[in-house]
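Q: I am attaching a structure below and will ask some questions about it afterwards.
What follows draws every value from the coordinates through simple rules; no lab data is involved. Because the structure is predicted, anything quoted here is derived from the model rather than measured. Virtual Cβ from ideal backbone geometry, glycine too; neighbours counted across all protein chains shown.
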Amino acid sequence: MIKMARHPITISTACKMSAATLGILMALLLSLNMVSCKKQSAPEQPQKESDTGFHKSYERGPLFCTVDADKSEMTIADRLHLTITAVIDENYDVELPAAGEKLAQFGIVDYHTSAPELTQDHKKKISRSYVLEPFLSGDYAIPAMTVRFWKSGEEGKDDHSLQTEELTIKVKSLLPENFKDMKLHDIRPPVTLPRSISLWVWVSGSVGMAVICGLIFFAIIKRRNQHDKMAVKSLPAHEVALNELEKLIAQRLVEKGEIKLFYYEITHILRTYIENRFGINAPEQTTEEFLDGLRTNSSFPENSKGLLKNFLLHCDLVKFAAHHPTTDDIQNTFNSCKIFISETKIKETV
């Protein structure tokens, strides 16, 4: 006879064991599901954008030269940073292109030439950096530049040179491409309003409020203008003129086709500068009267009279003789104005 076990497994105990096992399996499945979801939802790493601008290197004999521009495409509101660097053996001398040479298409805002330095591998290093700004949209060329080098103490006997290649900078306009094709819609015909006493009361009240607001507005503007004039008077004449030139560029008159207005404005800026700088009543005189007066004026620098004469005569041709200047003429006019102001400004004393 087979004896039964003293502690048999009851149905309730088996159920409890099955429930515990099922719970463990469910927890494992849930954990695996969460891990897979995390792996699937992991974001992709963004691709790094490619660098812009130019980096060109050239080598000839003991000379290694680089040309760097921080942009290959820009707008007329941007500025271009250009650097040319030469590295050569220490027993050689090197000469970079003259400052501003072949960069007449751009306006040169600033440039800096570093002092020669000796590198760790016993080579000389010198660089020149420019800050350039475009005047109009289009393709701007940075022409090929020549770097001269020779053995120390033998300049003129056995000189060598290295020439860079031409670079093209694309300058885009801030105006939309379809600007010339844009048209204004016709004005809708007037609508007849019903006459009523309440309308007249409303109109009268609105007019009165508008008059009061207008008086307050003009009082604020007048006070602000007086404050601005006092601030302008405290600035040197050349800083006032350079600020006005920046405002003129911001108007984009050349891009809008308002060439004659641009010439009127730039002439007025220069004449006002001459009045503030030298005390000559330039804005009220004709070009002929003004140039005649300069001949006997000893306070005006003699070496700047020729530049000023060419500037004023060119502007008069555009303003009064229907002369149509080219893009280079406009750029040269703007550069001549800045050069004249820079050459005749009051020098700061240390």
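Q: What relative contact order, as a whole-number percentage, does the range 211-318 give when Cα pairs under 8 Å and 6 or more residues apart are counted? Before the final figure, lay out each step's value.
A: Values: 45 pairs, mean separation 23.1, N = 108.
Taking the mean separation of contacting Cα pairs over the length of the range 211-318, I get 21 percent.
Q: At a 10 Å Cβ-Cβ cut-off, how would you order 60, 271, 223, fewest neighbours first?
A: On the way: 60 13, 271 19, 223 10.
Ordered from fewest to most neighbouring Cβ atoms within 10 Å, 60, 271, 223 come out as 223, 60, 271.
Q: If you don't mind, there's one more thing I want to ask. If the convex hull of the alpha-carbon atoms of the range 54-172 is projected onto planes in all directions, what is the mean projected area in square nanometres? Let's see the in-between values first.
A: Details: hull surface 28.9 nm².
In nm², the orientation-averaged hull projection of the range 54-172 is 7.2.
Q: Just want to confirm a number: the relative contact order over the range 54-172, from Cα pairs under 8 angstrom separated by 6+ residues, in percent.
A: It comes to 29 percent, rounded to a whole number.
Q: Calculated FRET efficiency, residue 295 and residue 328, Cβ-Cβ r, R0 25 Å, to nearest 0.05?
A: Working: r = 30 Å, r/R0 = 1.22.
That gives a FRET efficiency of 0.25.
Q: Which of the trypsin sites (Lys or Arg not before Pro) across the range 289-350 are loop residues per DSSP, with 12 or fewer other Cβ within 10 Å? Could the numbers behind the result be given before it?
A: Working: sites: 295, 305, 309, 319, 338, 345, 347; in loops: 345, 347.
Counting only loop positions with at most 12 other Cβ atoms within 10 Å, the trypsin sites (Lys or Arg not before Pro) in the range 289-350 are 347.
Q: Can I get the semi-axes of the range 230-344's equivalent ellipsoid? Compute them from the C-alpha gyration tensor as square roots of 5 times the eigenvalues, in angstrom, largest first. Mind showing how you got there, number by number?
A: Values: eigenvalues 98, 66, 29 Å².
The three semi-axes for the range 230-344 are 22, 18, 12 Å.
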